[in-house]
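Where a number appears in this text, it was derived from the coordinates with a stated rule and is not lab data. In this text, all values refer to a predicted model and were calculated from it rather than measured experimentally. Positions of Cβ are generated from backbone atoms using ideal geometry, with glycine treated the same way; all protein chains shown enter the neighbour counts.
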Amino acid sequence: MDFQNLILETEGPVAVITINRPRVLNALDGPTLAELGRAVARLGPEVRALILTGAGDKAFVAGADIAFMRGLSPLEAREFARQGHAVLTALEKLPVPVIAAVNGFALGGGCELALACDLRVASDNAQFGQPEVNLGIIAGFGGSQRLARLVGPGLAKEMLFTGDRYDAARAREMGLVNYVVPKEELLPVCRDLAGRMARRGPVAVNLTKEAVNQGLQMDLASALALESDLFAVCFASQDRAEGMDAFLQKRQPAFSGK
Ligand code: COA
């Protein structure tokens with residue numbers, strides 16, 4: 001099954017998905033979103049971290065495809081938003097860390113795609129924004145929800161109400177991105193981060209992601225109860241025995257992900 005609008009590459013334990021429609025700054029139409037969903041579903045257990053980026057040196061993803069959206073009926077628009085939610089939620093639920101390597105414009109659906117990743121690293125030419133209000137629509141791929149959860153409601157509302165673009169330095173100040181790096185260093189930095197995460201115990205990394213993501217939707221007491229349960233689950237894994245044995249035997253662990 002070949003992809004028309006994205007590239008899926010795997011290098012050892014790290015997979016890289018590149019949204020590949022540079023002619024329209026990697027804008028997301030229905031078929032591209034569907035391909036992204038299929039690529040995410042295709043990742044096998046050998047993949048221990050995923051990097052998501054955009055083709056070319058101008059854009060990560062410049063948003064949902066406006067030409068595609070122009071002709072949608074209200075019901076089709078709801079389906080498109082639901083498709084976006086399903087694909088971004090699948091990305092969020094992947095059992096491995098997902099890093100957005102934001103190599104230029106991350107606007108509208110592009111910003112929302114980055115928000116569904118676990119962390120974001122931006123090149124110094126990156127620009128973020130939720131410009132939907134300029135088009136007479138609201139953010140439809142989770143931006144009204146995930147942005148506020150990441151940067152807080154005040155900054156999120158500023159971005160969502162103004163539709164303004166924010167440069168990488170400002171995005172860093174807001175906590176929208178973890179690092180800003182020169183553009184030629186973007187993929188090497190992301191590969192280094194992904195590689196380090198990929199070498200840790202996969203069961204532990206997976207359960208940590210679950211604890212943070214699910215815990216954020218709960219009150220603190222319930223979230224701490226979830227943490228203690230997931231902590232206990234680690235003790236059923238081979239990774240836990242290997243990690244502790246390796247430490248006590250003063251050697252590097254060889255995790256199996258089981
Ligand atoms: N949907 C569809 N096509 C898009 C697009 C989008 N979201 N963003 C860019 N494109 C297309 C442009 O229409 C243009 O196509 P053309 O060459 O056939 O005219 C091509 O990509 C290059 O974009 P262009 O606008 O010429 O580049 P620029 O450097 O002048 O501006 C942006 C870059 C990102 C500022 C500008 O393209 C833009 O504002 N895009 C829309 C962003 C947006 O509103 N996203 C949210 C959608 S919900």
Can you tell me what share of the DSSP beta bridges in the stretch 76-195 is antiparallel? A percent to the nearest 5 is fine.
25
Helix 238-248 sits at what angle to the longest principal axis of the chain, using alpha carbons and giving 0 to 90 degrees rounded to 10?
60
What are the aspartates and glutamates whose alpha-carbon lies under 20 Å from the alpha-carbon of K157, with same-chain residues fewer than 8 places away excluded?
E112, E132, D167, E173
³J(HN,Hα) across the stretch 109-126 via Karplus (A = 6.51, B = -1.76, C = 1.60, θ = phi - 60°), whole Hz, x for Gly/Pro?
x, x, 5, 5, 5, 4, 5, 7, 7, 6, 8, 10, 10, 10, 7, 5, 9, 6
Surrounding net charge for K183, when Lys and Arg each add one and Asp and Glu each subtract one, Cβ distance under 11 Å:
-3
To the nearest Å, what is the center-to-center distance of the stretch 131-146 and the stretch 195-235, using C-alpha atoms only?
30
Long-range amide H partners of D124 with built H, under 5 Å:
V181, K183
Net charge near L226: determine it from the other residues with C-beta under 15 Å of the C-beta of L226, scoring Lys and Arg +1 and Asp and Glu -1.
-3
Computed over the chain: longest principal axis from alpha-carbon atoms vs helix 220-234 long axis, angle to nearest 10 degrees, is 50
Ignoring everything except DSSP H segments at least 4 long, calculate the 222 nm mean residue ellipticity for the chain; use -39,500 (n - 2.57) per segment, divide by total residues, nearest 500.
-15000 deg cm²/dmol
Considering the chain as a Gaussian network with a 10 Å cut-off on Cα pairs, which listed residue, Q145, Q214, Q83, attains the greatest mean-square fluctuation?
Q214
Global geometry of the stretch 147-209, whether rounded, prolate or oblate, following the gyration tensor of its Cα atoms and the 1.5 cut on a/c:
oblate
Quote the Stokes-Einstein diffusion coefficient, in whole µm² s⁻¹, for the chain, based on the Kirkwood radius over alpha carbon pairs, a temperature of 37 °C and a viscosity of 0.692 mPa s.
172
Out of residues 5 or more away from I51 or on other chains, whose amide H comes under 5 Å of its own, with H placed 1.01 Å from N in the peptide plane?
A15, V16, I17, I99
How much net charge surrounds L248 when only the other residues with a Cβ under 14 Å from the Cβ of L248 are counted, with Lys and Arg +1 and Asp and Glu -1?
+1
Could you pull out every one of the lysines with an alpha carbon less than 22 Å from that of K183, ignoring same-chain neighbours closer than 8 positions?
K58
Would you list which aspartates and glutamates come within 12 Å of K93, measuring only between C-alpha atoms, while excluding same-chain residues fewer than 8 positions from it?
D118, E210
Amide H partners (placed H, <5 Å) of L28, local residues excluded:
G63, A64, D65
Mind checking the full-extension length gain between K258 and S73? Use 0.36 nm per residue of separation minus the Cα-Cα distance, one decimal, nm.
61.9 nm
Compute the helix-to-body angle for 30-42: its Cα long axis versus the longest principal axis of the chain, expressed 0 to 90° and rounded to tens.
0
Length-normalised contact order of the chain, Cα under 8 Å, at least 6 apart, in percent, tallies to 16
I want the antiparallel fraction of DSSP beta bridges within the chain, as a percent rounded to 5.
30
